[in-house]
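Shown next, in structure tokens, is the structure this report addresses.
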Amino acid sequence: MGANALTPPGTRQSAGGLRRALIAGALGVLGVASVLTAQVPADAAASTLGAAAAQSGRYFGTAIAAGRLGDSAYTTIANREFNMVTPENEMKIDATEPNRNQFNFTQGDRVYNWAVQNGKRVRGHTLAWHGQQPGWMQSLSGSDLRSAMINHINGVMAHYKGKIYSWDVVNEAYADSGGGRRDSNLQRTGNDWIEVAFRTARAADPAAKLCYNDYNIENWTWAKTQGVYNMVKDFKSRGVPIDCVGFQSHFNSGSAYNSNFRTTLQSFAALGVDVQITELDVQGASATTYANITNDCLAVPRCNGMTVWGVRDSDSWRSGDTPLLFDGNGNKKPAYTSVLNALNAAPTVSPSPSVSPSVSPSASPSASPSASPSVSPSASPSASPSVSPSSSPPPDSGACSATIETVNSWPGGFQSNVTVRAGSSAINGWTVKWTWTGGQTISQAWSGDLSTSGSNVTVRNVSYNGSVAAGASTSFGFLANGSAATPTVTCTSP
């Protein structure tokens, strides 16, 4: 989607000639969300949303419209408060390929260059979607449309290669009810179109996180949520390259915030994908609801960050709902304070090292970034290790080695990633073992078959990551209870 496609269930509306296809999100069921308990000292609390989110290794972003970049009040707030930017419409299909094989990145580059010149990262939105297709694409079908989709993904991602933190590769592919796929021209090219889109995107830019993005998948009990969950589960089991799921989180009275949103985020994360809140707005901007949503993200280590869909209420596509953190005059609302306080209450971590793109997009060679994104597009926004990584010995021919690294930690728990690397010969199957010495226990694991016996841990490959080429690597991860640790690990291969 984007902010251009939201409707109450069972209805449609149009504006500016664009077809709206989004069910709205929620006023806020006011269940009190539990929060992470470690507090930031008052004198250390951050004073802006982006800085406060960064303390826990996350981002806090906003949607930016190129047409508003001349509004100094708008850009002052956006530059001060946010450290991630999503172009509102400027990277959608109709904007980037208005005529077949004739790409136009003028407006997308305006937003991108403003972002990186002000030290912000960029989420790309969106590559394959039934909405906001230009007329030439709407007229296609079958293999011709499939080829056009592939060509579009390759063309856009080539222009921004190495510069985008994460892409919403596929947007809103599931029907509003029933848990099945939406009937769209893309769906009619074959049920594998989403998989093809993700595989194409991975080949086009291996550094970018690849996300599936949708609305009304926040409530764990809904059929649509379960439909997307089953797709992601299937993709992970077969090695389809999906890295994250975006939850648009357009909450209003037609689709209310429910405290089981945290369960949804945790359940998707347990599949081995990151989760991101991508287009957040809340009808009426309840401070309690905004705080609960923030705390839901903070409670899930793989929740990378949050993006609100607009800066001020007057910039919102739902301005009549006053759904954002700043009013039309740019004043902070109570919801702003509740979000800032929640972010500042989260455990702090050390930021990841910054790596910046060296050039702006090729279509705008004159706009060289004066400030770089704080994290490289390929780097995870999660916390950098608080404990030195531990490795097994370098692999011999046909053998493997493993490195375990703490990527996030909080009082009473931590998240780790384990990289398995083949030696000078390819391997077909691997087993990683270690022994905890501090009573730690694993609560969730992904991309590996976990077994434990007391303090002894064994993780074997699953079906899609057992074959590793010579010198190449794969990985798995886990959440654990207890103090963060990096025990000595061993890796063996049949």
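The values are calculated or read from the model by the stated rules, or taken from the named source; none is laboratory data. Since the model is a prediction, treat every value here as computed from it, not as a measurement. Ideal geometry is used to build each Cβ from the backbone, glycine not excepted, and the neighbour counts take in all protein chains shown. Surface accessibility is based on the protein's heavy atoms, side chains included, excluding ligands, DNA and RNA. Shrake-Rupley method; radii C 1.70, N 1.55, O 1.52, S 1.80 Å.
Every test in (1) of a type outside the set (A, V, I, L, M, F, W, C); (2) open to solvent by less than 10 Å² (accessible area, probe 1.4 Å); (3) not in a loop (DSSP other than H, G, I, E, B) is passed by G310 save one, and that test is (3). Of the strands (runs of 3 or more DSSP E) contained entirely in the range 429-477, those carrying at least 3 residues that are crowded, with 17+ Cβ neighbours inside 10 Å and modelled with pLDDT of 90 or more fall at 431-435. Six or more apart or on different chains, Cβ atoms under 7 Å: show the pairs whose first residue is in the range 278-294 and closer than 17 Å to E88 by Cα and whose second is in a loop (DSSP other than H, G, I, E, B) and of a type in the set (D, E, K, R). Listed pairs, sorted by first residue: D281/R318.
Does the range 376-399 include one or more residues that are surrounded by 13 or more Cβ atoms within 10 Å (Cβ to Cβ), modelled with pLDDT under 60, in contact with a helix residue (DSSP H, G or I) (Cβ under 9 Å, 6 or more places away or on another chain) and within 30 Å of I164 (Cα to Cα)? Yes, because at least one residue in the range 376-399 is surrounded by 13 or more Cβ atoms within 10 Å (Cβ to Cβ), modelled with pLDDT under 60, in contact with a helix residue (DSSP H, G or I) (Cβ under 9 Å, 6 or more places away or on another chain) and within 30 Å of I164 (Cα to Cα). Can you find even one residue in the range 135-145 that is over 24 Å from C244 (Cβ atoms), in contact with a Phe, Trp or Tyr (Cβ under 7 Å, 6 or more places away or on another chain) and free of Cβ contacts under 8 Å to residues at least 60 places away in the same chain? For the range 135-145, residues over 24 Å from C244 (Cβ atoms), in contact with a Phe, Trp or Tyr (Cβ under 7 Å, 6 or more places away or on another chain) and free of Cβ contacts under 8 Å to residues at least 60 places away in the same chain: absent. Only a single criterion out of (1) modelled with pLDDT under 90; (2) closer than 20 Å to S237 by Cβ; (3) open to solvent by 60 Å² or more (accessible area, probe 1.4 Å) is not satisfied by S424, namely (2).
Among residues belonging to the range 40-82 that are of a type in the set (S, T, N, Q) and open to solvent by 30 Å² or more (accessible area, probe 1.4 Å), point out the one that is nearest to T294 (Cα to Cα). Of everything passing the filter in the range 40-82, Q55 is nearest to T294 (Cα to Cα). Taking the options S475, S483, S447, name whichever one is in contact (Cβ under 8 Å) with a residue 60 or more places away in the chain, within 21 Å of P241 (Cβ to Cβ) and out of contact with any Leu (no Cβ under 7 Å at 6 or more places or on another chain). None of the other options fit; the residue is S447.
Return the total of residues in the range 194-215 being open to solvent by less than 10 Å² (accessible area, probe 1.4 Å) and in a loop (DSSP other than H, G, I, E, B).
Qualifying residue count, the range 194-215: 3.
Looking only at the range 106-123, decide whether some residue is crowded, with 23+ Cβ neighbours inside 10 Å, closer than 30 Å to Q226 by Cα and within 16 Å of the chain's Cα centre (by Cα). Yes - at least one qualifying residue is present in the range 106-123.
Could you look through the range 148-193, keep only residues that are touching a Lys or Arg at 6+ places or on another chain (Cβ under 6 Å) and in a strand (DSSP E or B), and pick out the one that is farthest from K120 (Cα to Cα)? Residue satisfying both the conditions and the ranking: Y174. In summary, D168 fulfils each of the numbered conditions (1) among the acidic types (D, E); (2) more than 14 Å from the chain's Cα centre (by Cα); (3) surrounded by 17 or more Cβ atoms within 10 Å (Cβ to Cβ) with the single exception of condition (2).
Picking from residues in the range 245-278 that are over 18 Å from the mean Cα position of the chain (by Cα) and polar (S, T, N, Q), the one that is most open to solvent (accessible area, probe 1.4 Å) is S253.
Scanning the range 317-338 for residues that are modelled with pLDDT of 95 or more and within 21 Å of R123 (Cα to Cα) returns L324, L325. Just to be sure, is I242 within 16 Å of the chain's Cα centre (by Cα), over 22 Å from G50 (Cα atoms) and either buried (at least 22 other Cβ atoms within 10 Å of the Cβ) or in contact (Cβ under 8 Å) with a residue 40 or more places away in the chain (or both)? Answer is yes for this residue.
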